[in-house]
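The structure appears right after this line, and notes come after that.
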Amino acid sequence: VGTATDLNLDGVAIADVKANFSTNGTLDTTSSDPLTGTVKGSIASDGIDLIQASKRYRFAELQGKVGAAASFDIELNQLTSPRAYRGNLVLNVDGVAARGMVLDDVAMQLEIVDGTASLNSSKIVLRDQHKRQLMHAEASANVPLSLNEMIESQVLVSLTPSDSVPALLGIPATQLQGALHSDLNASCSVQNAFDPAAWNAFASLRGRDIS
């Protein structure tokens, strides 16, 4: 158990990081499974204050916080098996706002269990200064830890025009109304994940009450 303090990344302060690690196991060289037991751990931090980051890198005025918490569990007698590894990572994005735009609090989770890494996010909602929804997005992906299995991913995005967007971009106002919806599904074998030609993707775009 320990705490790291006074941390910074390129001049941007990082909140205290708390960590806890433990090992419980045995080594028996006469056994067919000489190493048994588990390694467990957790780590958490309130992360970075985006006001400091925006000042450091001269972004548009930005506020909010990004924090993270993670835990893992490894079976020592199955180190060669993907199923030996279990883990959970949660990234929390809270209170983010810039130039009158506000992002609803978002939680993104990466979970490793039964040989598969699953990525999911809560609803990602961007609003204007009047709290009207401009964008709604959701994303998910399943990535097996075996080279012969398939990666499956999906992204859903909905856009709702608002008179605040032209004002933000400094362009003439429009009277566009309605909503646009886009779906993207993509899949590929794990072993070919870095080959763009190996991916299969399907996308759709739908409009609703556009005028």
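What the table shows:
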{"read-out": "Those residues of segment 68-82 which are within 17 Å of the chain's Cα centre (by Cα) and surrounded by fewer than 16 Cβ atoms within 10 Å (Cβ to Cβ), in sequence order", "value": "71"}
{"read-out": "Any hit, segment 27-41, residues being in contact with a Pro (Cβ under 9 Å, 6 or more places away or on another chain), more than 18 Å from residue 92 (Cα to Cα) and of a type in the set (D, E, K, R)", "value": "yes"}
{"read-out": "Filtered residues of segment 26-77 (kept if within 19 Å of residue 102 (Cβ to Cβ) and either of a type in the set (Asp, Glu) or at pLDDT below 85 (or both))", "value": "49, 59, 60, 61"}
{"read-out": "Residues satisfying the stated conditions in segment 119-128, i.e. surrounded by fewer than 16 Cβ atoms within 10 Å (Cβ to Cβ) and either more than 25 Å from residue 144 (Cα to Cα) or of a type outside the set (A, V, I, L, M) (or both)", "value": "120, 122, 123"}
{"read-out": "In segment 1-20, the residues that are exposed (fewer than 15 other Cβ atoms within 10 Å of the Cβ) and of a type in the set (A, V, I, L, M)", "value": "1, 4, 7, 9, 13, 19"}
{"read-out": "Residue that is nearest to residue 64 (Cα to Cα), among those in segment 85-107 that are of a type in the set (A, V, I, L, M, F, W, C) and surrounded by 17 or more Cβ atoms within 10 Å (Cβ to Cβ)", "value": "96"}
{"read-out": "Residue count for segment 21-60, restricted to those that are assigned to a strand (DSSP E or B) and open to solvent by 70 Å² or more (accessible area, probe 1.4 Å)", "value": "8"}
{"read-out": "Every residue from segment 62-86 that is outside any strand (DSSP E or B), among the polar types (S, T, N, Q) and farther than 22 Å from residue 22 by Cβ", "value": "80"}
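The values are calculated or read from the model by the stated rules, or taken from the named source; none is laboratory data. Since we're looking at a predicted model, the values are computed, not measured. Backbone-built Cβ (ideal geometry, glycine too); neighbour counts: all protein chains shown. Heads up: the accessible areas ignore ligands, DNA and RNA and are worked out on the full protein's heavy atoms, side chains in. Shrake-Rupley method; radii C 1.70, N 1.55, O 1.52, S 1.80 Å.
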